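See structure below.
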Amino acid sequence: MNYEEILEPLGIEAVNAGAFNGEWFGSGDEIAVVTPIDGREIARVKRASADDYERVASAAQGAFEEWRMIPAPKRGEVVRQLGNALRENKPALGKLVTLEMGKIVAEGEGEVQEMIDISDFAVGLSRQLYGLTMASERPRHFMMEQWHPLGVVGVISAFNFPVAVWAWNSAIAWVCGDAVMWKPSSKVPLTAIAVTKICERVFRENGYPPALASLVIGTGGDVGEMLISDDRVKLVSATGSVRMGHHVAEVVGRRLGRTILELGGNNGIVVCPSANLDLALRAILFGSVGTAGQRCTTTRRLIIHESIYDKLRDDLVNAYGQVRIGSPLDDGTLMGPLVDTDAVENMMAAIERAKGEGGTVLCGGEKLSGDAYIGGCYVTPCIIEMPKQMPLVCEETFAPILYLMKYRTLEEAIAIHNGVPQGLSSAIFTNDAMEAQTFLSAIGSDCGIANVNIGTSGAEIGGAFGGEKATGGGREAGSDSWKAYMRRQTNTVNWSTELPLAQGIKFG
C-alpha cells in the first residue's frame with residue numbers, strides 16, 4: 001500500500017518538526033518512525049531539545065494567562081469546533097493510528113471517536129463548573145466555593161493509545177481554562193503531530209493562542225524530565241509503566257505539584273457457574289486479543305469456576321484458533337501486530353517463564369513468519385493454563401497472553417482476583433444477583449472499574465477512568481474529574497459592619 005495516501009491529507013511530511021508553540025520547530029535528534037505492519041519507515045521526526053522545551057513551556061504559560069480570562073462557555077465553543085474538526089478527519093486519523101501503532105482500523109477509528117466523545121462531554125461541562133454556597137456561623141456573612149483555572153497541564157501519553165488519552169485530559173483542561181503541553185511517546189509521534197495541526201487551525205480561526213495545544217516530542221530523560229520538574233506545569237497526567245509512575249510521582253510531589261497517574265493493569269474476569277458462557281466468550285476474546293493485548297484494560301487473567309472450567313477452556317482455544325491475524329489495514333483482520341520487536345521478545349520471554357512456573361500453553365504464543373508477515377511484529381495470541389496465581393501472573397506483560405485458573409468459592413475467586421499489585425479494570429460474569437452485588441461491594445473487586453456481564457476493555461468517557469494500587473489512583477474523563485484541572489477557592493464575604501470571629505473567639 002502507498003502509505004503517503006494516509007499521511008499527506010493530515011499534513012505529515014517526510015521530515016516533521018517535533019515541537020510546537022504556535023510555530024513548528026525542532027533542533028533535537030532525528031528519529032525514524034517505523035510501522036509495525038511491515039517494518040517500513042513511514043516518516044521522520046526532529047525531536048525537541050532542551051532549548052526547544054523552554055520555548056514551548058514559555059508559550060504555553062503565556063497562552064494560559066490569556067485563556068483563563070475567556071468565559072468557560074466560550075472555551076467550550078472552541079472545543080465543540082475541535083470535536084467537529086476531528087469528526088471530519090476521523091477516517092484519516094483512524095488509519096494513521098493503525099499505520100503507526102498497529103491496531104486494526106475499527107479500533108483506530110474507535111480511538112478517534114473517543115476524542116470526539118470527550119469533546120462533546122467537555123462542551124456540556126463548560127456550563128457546569130459548579131461551586132457551592134455554604135451557611136456561615138457568623139451573622140451577615142456569606143460563604144461560597146469557586147473553581148478557577150489551574151495553569152499549564154502536562155500530558156505524557158503512551159504508545160498504545162496515541163491520541164485518546166491526551167484528549168481525555170486536554171478537552172476537559174481547555175474548558176477549565178488551562179493550557180496543555182503534550183509529550184507523546186516517541187514510538188507514535190505522527191498522530192500527535194496530525195492532531196496538533198488540527199488544534200492549531202481551530203485555535204487560530206477563533207483568535208486564540210495555538211500554544212494552548214503545545215507539543216514536545218522528545219526523550220523521557222530530556223524533555224520528559226524537564227516537564228515533570230517544571231513549576232509552571234501545575235498538573236502532570238502520565239500514562240505508562242508503574243516504574244515510570246513512581247518516578248513521576250516522586251519528582252512532581254517533591255515540588256508539590258499534582259499528578260494523575262494511569263499505570264499498570266492486570267485485569268481479571270471471574271466466570272461463575274450461572275454465567276452466560278456465549279456472552280462471556282465474546283467479551284473475553286475481545287478483551288484479551290483486541291489491540292493485540294496492548295491495552296491497559298486488556299483481559300489478562302481468567303478465574304473460572306471448576307464446574308464450567310473445561311467447557312470454557314475448550315471454547316476459548318477453539319475461538320483463538322479462528323482469530324484472523326494480519327495487516328490491520330485489511331478488512332477482516334481481528335488482530336494486528338505488536339508495536340515493535342521488543343514487545344515480541346518480551347512476550348516470548350514471558351511464555352518461557354510461565355512454563356517454568358508450572359504453566360501449560362494451550363494454544364498460540366508463536367512468532368509469525370511468511371510472506372504476509374515480512375517485516376512486521378506478528379504473533380499468535382496465547383492461552384496458558386496455570387496451577388495457581390504464580391509470580392509471573394501478578395505482573396503485567398503487554399502482549400496477548402491470557403492466564404486461566406480455577407476456583408471453587410466466590411470468596412476464593414475474589415481473593416485470587418485481588419491478589420495482584422494492579423487495580424484497574426475487572427469483571428464478573430454471572431446471572432446470580434448476590435454474586436454480582438458481592439463483586440461490586442466493599443468486599444468485592446478492589447479495582448477502579450468493576451463490571452458485571454461485560455468485559456474489562458472498552459471504557460466509556462462518561463465514567464471516570466482509572467484504578468487503584470499500582471495503577472496509580474488517577475481518574476480521567478467522566479464524573480467530577482474536572483476538579484483535578486482547577487484550583488478550589490473558598491470565599492467569605494462580610495456584609496455587616498461588625499467583625500465577629502469564627503468559633504466564638506473574642507479578641508481584644
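The values are calculated or read from the model by the stated rules, or taken from the named source; none is laboratory data. As the structure is a computational prediction, the values presented were derived from the model and not from experiment. Virtual Cβ from ideal backbone geometry, glycine too; neighbours counted across all protein chains shown. Heads up: the accessible areas ignore ligands, DNA and RNA and are worked out on the full protein's heavy atoms, side chains in. Shrake-Rupley method; radii C 1.70, N 1.55, O 1.52, S 1.80 Å.
Here are the numbers:
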| item | result |
| --- | --- |
| Accessible surface, per residue, of the chain when the full set of protein chains is kept, probe 1.4 Å, Å² | 40 Å² |
| Taking N as its residue count, the alpha carbon Rg of the range 177-286 over 2.2 N^0.38 Å | 1.47 |
| Per-peptide average of other Cβ atoms within 10 Å, ordering 139-148, 228-237 highest first | 228-237, 139-148 |
| Peptide ranges 496-505, 376-385 listed from the most packed, as the mean C-beta count within 10 angstrom indicates | 376-385, 496-505 |
| Accessible-area composition of the chain, carbon plus sulfur, in percent [1.4 Å probe] | 51 percent |
| Relative contact order of the chain, pairs being alpha-carbon contacts under 8 Å that are 6 or more residues apart, as % | 17 percent |
| Distance in nm between pseudo-label sites at residue 205 and residue 357 (7 Å out along the Cβ direction from Cα) | 5.2 nm |
| Förster radius 51 Å - calculated FRET efficiency between residue 380 and residue 120, Cβ distance, rounded to 0.05 | 0.85 |
| Counting all C-alpha pairs of the range 65-154, share separated by more than 21 Å (%) | 53 percent |
| Principal-axis tilt of helix 50-67 within the chain, Cα atoms, nearest 10 degrees | 60 degrees |
| Cα-based shape type of the range 7-118, given that a ≥ b ≥ c are square roots of the gyration tensor eigenvalues and the cut on a/c is 1.5 | oblate |
| Residue-wise HN-Hα coupling along the range 292-305, computed from phi with Karplus coefficients 6.51, -1.76, 1.60 (Hz; x: Gly, Pro) | 6, x, 10, 9, 5, 9, 4, 6, 10, 10, 10, 10, 10, 4 |
| The range 38-194: proportion of alpha-carbon pairs further apart than 28 angstrom, % | 32 percent |
| Extension gain from residue 367 to residue 340, taking 0.36 nm per residue of separation minus the Cα-Cα distance | 8.5 nm |
| Rounded FRET efficiency, nearest 0.05, which uses the C-beta distance separating residue 68 from residue 434 and R0 of 51 Å | 0.50 |
| Set of aspartates and glutamates near residue 506 by C-alpha distance (under 16 Å), chain-local residues within fewer than 8 positions excluded | 137, 498 |
| Long-range amide H partners of residue 259 with built H, under 5 Å | 236 |
| Bridge type composition, the chain - antiparallel percent by DSSP, nearest 5 | 40 percent |
| Rounded if a/c under 1.5, otherwise prolate or oblate - the range 331-438, Cα gyration tensor axes | prolate |
| The chain shape via C-alpha gyration tensor axes, a/c threshold 1.5 | oblate |
| In order through the range 455-461: 3J(HN,Hα) via Karplus (6.51 cos²θ - 1.76 cosθ + 1.60), integer Hz, x for Gly, Pro | x, 7, 9, x, 6, 9, 6 |
| The range 1-139, relative contact order [Cα under 8 Å, separation at least 6], % | 21 percent |
| Low-density loop cleavage sites - GluC sites (Glu not before Pro) in the range 255-345, where at most 13 other Cβ are within 10 Å (DSSP) | 306 |
| Under 25 Å from residue 355, Cα to Cα: lysines that are on another chain or at least 8 residues apart | 311, 367, 388, 406 |
| Under 12 Å, Cβ to Cβ, from residue 348 - net charge with Lys/Arg +1 and Asp/Glu -1 | -1 |
| Separation of the residue 8 and residue 278 label points, Cα + 7 Å toward Cβ, nm | 4.8 nm |
